[in-house]
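S.K.: Got a structure for you, questions after.
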Amino acid sequence: MPEPDWPTDTPERLAPLDRMAAEALIVDVDGFEGPLDMLLTLSRTQKVDLRRISVLQLAEQYLKFIAEAQALRIELAADYLVMAAWLAYLKSRLLLPPEPGEDGPSAEDLAAHLAFQLERLSAMRDVAARLMGRDQLGRDFFPRGIPEDVTRKRNVSYSATLLDLMRAYARIRTRDDFRPFVMDRNNVFTMEQALDRMRKLIGFSGEWSDLTTFLPDDWQVHPQRRRSATAAHFAAVLEMAKAGQVDLRQADPFGAIHLRKKDAR
Amino acid sequence: MTETFDPIEKTLFEAPPMGEQERMIEAILFASADPVTLSEFTARMPHGCDPAEGLITLRRRYEGRGVNLVKVGDAYALRTAADLGHLMHKETFEHRKLSRAAIETLAIVAYHQPVTRTEIEEIRGVAVSRGTVDQLMELDWIRFGRRRMTPGRPVTFVVTDHFLDHFGLESARDLPGLKDLRAAGLLDNRPVPGTLRGPNEDEDPATGQSELFED
Amino acid sequence: MTETFDPIEKTLFEAPPMGEQERMIEAILFASADPVTLSEFTARMPHGCDPAEGLITLRRRYEGRGVNLVKVGDAYALRTAADLGHLMHKETFEHRKLSRAAIETLAIVAYHQPVTRTEIEEIRGVAVSRGTVDQLMELDWIRFGRRRMTPGRPVTFVVTDHFLDHFGLESARDLPGLKDLRAAGLLDNRPVPGTLRGPNEDEDPATGQSELFED
């Protein structure tokens, strides 16, 4: 933030009345709604149409106010100081002839815009007051005191037909057939079962014999059952071989697997 | 605390013309949340007003209109004309499909009545929500039957005459049996993959529902 | 499952005579504390009714009475005549006093709508506190409008129908002094000289007041 060039000589030269006015303004600093609001208040002292206001004069008033506030050590919000800096800049631009070849908006444009902003804010205040001065509902005019609520009768007709009913019943009665798929245990021979079975049978097998001959009779016909039983028994005898209970042999790949009881030494 | 006025002073203020008084009565009646008594009118209107007279003319003015000025006890109010009451009901017609839970519960009640809630749950295999039963009761399709003479004396549910009426049945016995359902193809036993089928399971004839439900 | 009506069947029911329609409108208006839209009337009245016509005659009928028929946005309501407000102390609502910031913000939204928060701040020269906007929203006097099609797509604020109702305005065009403000160019969105504006900022077609208030 550029340090503005404060006019520091003013405070002691103030006439008593002006001084009181300035102090009143300063005491009231909390009452302002920002720098634009303060500028609008200051502009009232010019007693002219806002369109013909002297922005230069306004800038001087504002800068004087800021200087006084600082002399009185009143804390000012940053935006007041930003405005002061900008107005100091504007003031110098308004006082000095424009530099040739300078681009950007002219000082007059900037001043005109400030005047526009003040006029607009002032106009908004006026219409806000007019708006609030209008007749208002609940204060000047009134709605119906006993509104009758529209009774919302929802006629929900549930359409179920006899067919729906029967389908539903059929669905319940046949649900067992539609239960989610689970592995059907009827056709599964577990390794535990095979191990149990083989442990009992192995005592009778002193000679090499084919593994398939150990399968239970009722597990040899249905292909699904035979596969499951074969796998279970094979796993079982592997387990027994690991434990040193049986010897296993297979003559060639995919050939028959033979087993016999290992001699107890 | 009552203010006392000099009776002579009162007459100094002339009462507003009757037309104005009528307007005042109208506005007060309109905005008031409760019926307004004569003394309230008198208290709220300027001195010298005669609300009784204004009420008579206002009542006449609203005769045959959409709202009428009625006397409620010893107070007055504006009320919707009786013949227009139907405008105050917003009737909406909604057709909704009964939920699956509801239709299944209804079916079980119809086929197994009188049936307890526990039995319904056993047949459906899931708990029956209170809402489902309430809905069916509200629809007047099921009602409470006699209590079962078993421990706990559970209530039973039966279907109502309204149910029979709705579904075009003379009695619950007219409900198609399982055999009919099967014949109608509603009970086709689709096999679970991998299950063994007995030789008698292929008998299911391919009769379409149409046959049963035509006409 | 929806019932379908034969369109020809509809015309078989003749619309009630105008006098009856007027009574119906009257009853509906009396029953409602909030403004009623044309489509609501149509929905609630029998088929073939023309509420727009009935509203015109009814409005005339209530001219100069204690209760008047007013238009609020595109809806209609009955309200007591403003000159009789003094009789209604009993009904007067407790008004929360609005802060100066809130009143100014409300006016800016009303006259500049749709307006962004930044624009409000530009006009007031000070930041808009969250509480101010919240308060106006809570009063249901302002609401969010469309997003502005500028970088950042800021939300805009507009006034509500409830705002119009509260201040007895038929539309935002009837805001006091609006014409003068516009003629004076005080509703223009004049940029600060020398500020760079995005090229698409001007693309935003006159979504502003001009569009809203032009007829």
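The values are calculated or read from the model by the stated rules, or taken from the named source; none is laboratory data. Here the structure is a predicted model, which means the values were calculated and not measured. Cβ sites come from the backbone with ideal geometry, for glycine too, and all protein chains shown count toward neighbours.
S.K.: Take the range B:17-73 and flag every residue that is surrounded by 20 or more Cβ atoms within 10 Å (Cβ to Cβ), among the aliphatic types (A, V, I, L, M) and within 40 Å of the chain's Cα centre (by Cα).
M.R.: Passing the criteria: B:Met24, B:Ile25, B:Ala27, B:Ile28, B:Leu29, B:Ala31, B:Val36, B:Leu55, B:Leu58, B:Val67, B:Leu69.
S.K.: Same structure again: Considering every residue within the range B:148-156, establish whether at least one is farther than 13 Å from B:Gln113 by Cα, in a helix (DSSP H, G or I) and of a type outside the set (Phe, Trp, Tyr).
M.R.: The answer is no, given that none of the residues of the range B:148-156 is farther than 13 Å from B:Gln113 by Cα, in a helix (DSSP H, G or I) and of a type outside the set (Phe, Trp, Tyr).
S.K.: So which strands (runs of 3 or more DSSP E) are wholly in the range B:40-121 and hold at least 3 residues that are in the same structural domain as B:Glu14 (by TED's automatic domain parsing) and over 30 Å from B:Arg148 (Cβ atoms)?
M.R.: B:67-72, B:75-80
S.K.: With (1) surrounded by fewer than 17 Cβ atoms within 10 Å (Cβ to Cβ); (2) more than 10 Å from every other protein chain (Cβ to nearest Cβ) as the list, and A:Leu58 as the residue in question, which single condition is left unmet?
M.R.: (1)
S.K.: Based on this model, can you work out whether C:Ala82 counts as free of Cβ contacts under 8 Å to residues at least 60 places away in the same chain and over 18 Å from C:Met18 (Cβ atoms)? Walk me through it before giving the result.
M.R.: Working: free of Cβ contacts under 8 Å to residues at least 60 places away in the same chain: no; over 18 Å from C:Met18 (Cβ atoms): yes.
Taking the combined requirement at face value, the residue does not satisfy it.
S.K.: Just one of B:Glu201, B:Glu122 is modelled with pLDDT of 85 or more and within 12 Å of chain A (Cβ to nearest Cβ); which is it?
M.R.: B:Glu122
S.K.: Let me ask something else about it. Pick from A:Arg130, A:Arg134: which is at pLDDT 80 or above and assigned to a loop (DSSP other than H, G, I, E, B)?
M.R.: Answer to the selection: A:Arg134.
S.K.: Among the residues of the range B:126-139 satisfying the criterion of being assigned to a loop (DSSP other than H, G, I, E, B) and more than 7 Å from chain A (Cβ to nearest Cβ), which is nearest to B:Asp174 (Cα to Cα)?
M.R.: B:Val128
S.K.: Among residues belonging to the range C:104-142 that are acidic (Asp, Glu) and in contact with a His (Cβ under 9 Å, 6 or more places away or on another chain), point out the one that is surrounded by the most Cβ atoms within 10 Å (Cβ to Cβ).
M.R.: Taking the candidates together, the pick is C:Glu119.
S.K.: I'd like to verify a number: residues in the range B:74-103 that are within 24 Å of the chain's Cα centre (by Cα) and either among the hydrophobic types (A, V, I, L, M, F, W, C) or within 26 Å of A:Leu163 (Cβ to Cβ) (or both), how many?
M.R.: Looking only at the range B:74-103, we keep the residues that are within 24 Å of the chain's Cα centre (by Cα), and these are B:79-103.
Now restrict to residues that are either among the hydrophobic types (A, V, I, L, M, F, W, C) or within 26 Å of A:Leu163 (Cβ to Cβ) (or both): B:81-82, B:84, B:87-88, B:93-103.
Final tally of qualifying residues: 16.
S.K.: Restricting to the range B:147-162, name every residue that is more than 14 Å from B:His112 (Cβ to Cβ) and either touching a residue at least 40 places away in the same chain (Cβ under 8 Å) or out of contact with any strand residue (DSSP E or B) (no Cβ under 6 Å at 6 or more places or on another chain) (or both).
M.R.: B:Arg147, B:Met149, B:Thr150, B:Pro151, B:Gly152, B:Arg153, B:Asp161, B:His162
S.K.: Provide a single number: the residues in the range B:39-97 that are under 30 Å from A:Tyr158 (Cβ atoms) and touching a helix residue (DSSP H, G or I) at 6+ places or on another chain (Cβ under 7 Å). Steps first, please.
M.R.: Start the filter on the range B:39-97 by keeping residues that are under 30 Å from A:Tyr158 (Cβ atoms), which leaves B:85-97.
Among the residues that remain, those that are also touching a helix residue (DSSP H, G or I) at 6+ places or on another chain (Cβ under 7 Å) are: B:87-88, B:90.
The qualifying residues number 3.
S.K.: Tell me, please, whether a residue that is within 13 Å of chain C (Cβ to nearest Cβ), of a type in the set (S, T, N, Q) and either surrounded by 14 or more Cβ atoms within 10 Å (Cβ to Cβ) or closer than 30 Å to C:Val72 by Cα (or both) can be found in the range A:107-122.
M.R.: Yes; the residues of the range A:107-122 include at least one that is within 13 Å of chain C (Cβ to nearest Cβ), of a type in the set (S, T, N, Q) and either surrounded by 14 or more Cβ atoms within 10 Å (Cβ to Cβ) or closer than 30 Å to C:Val72 by Cα (or both).
S.K.: Does A:Phe254 count as more than 47 Å from the chain's Cα centre (by Cα), modelled with pLDDT of 80 or more, assigned to a helix (DSSP H, G or I) and aromatic (Phe, Trp, Tyr)?
M.R.: no
S.K.: In addition: Scan the range B:95-112 for residues that are closer than 14 Å to B:Leu139 by Cβ and in contact (Cβ under 8 Å) with a residue 60 or more places away in the chain and jot them down.
M.R.: B:Ala110, the sole residue that qualifies.
S.K.: Given the residues C:Thr80, C:Thr37, C:Thr42, which is the only one that is under 30 Å from B:Ser32 (Cα atoms), within 11 Å of another protein chain (Cβ to nearest Cβ) and among the β-branched types (Val, Ile, Thr)?
M.R.: Checking each option against the conditions leaves just C:Thr80.
S.K.: If you don't mind, another one. List the residue pairs whose Cβ atoms are under 8 Å apart, where the first residue sits in the range C:163-174 and is buried (at least 22 other Cβ atoms within 10 Å of the Cβ), the second is part of a helix (DSSP H, G or I) and of a type in the set (Phe, Trp, Tyr), and the two are 6 or more positions apart or on different chains.
M.R.: Listed pairs, sorted by first residue: C:Leu169/C:Phe163.
S.K.: Another question about this same structure. Say we look at the range A:210-251 and pick out the residues that are hydroxyl-bearing (Ser, Thr, Tyr) and buried (at least 16 other Cβ atoms within 10 Å of the Cβ); which of these is nearest to the chain's Cα centre (by Cα)?
M.R.: Only one residue fits best here, namely A:Ser228.
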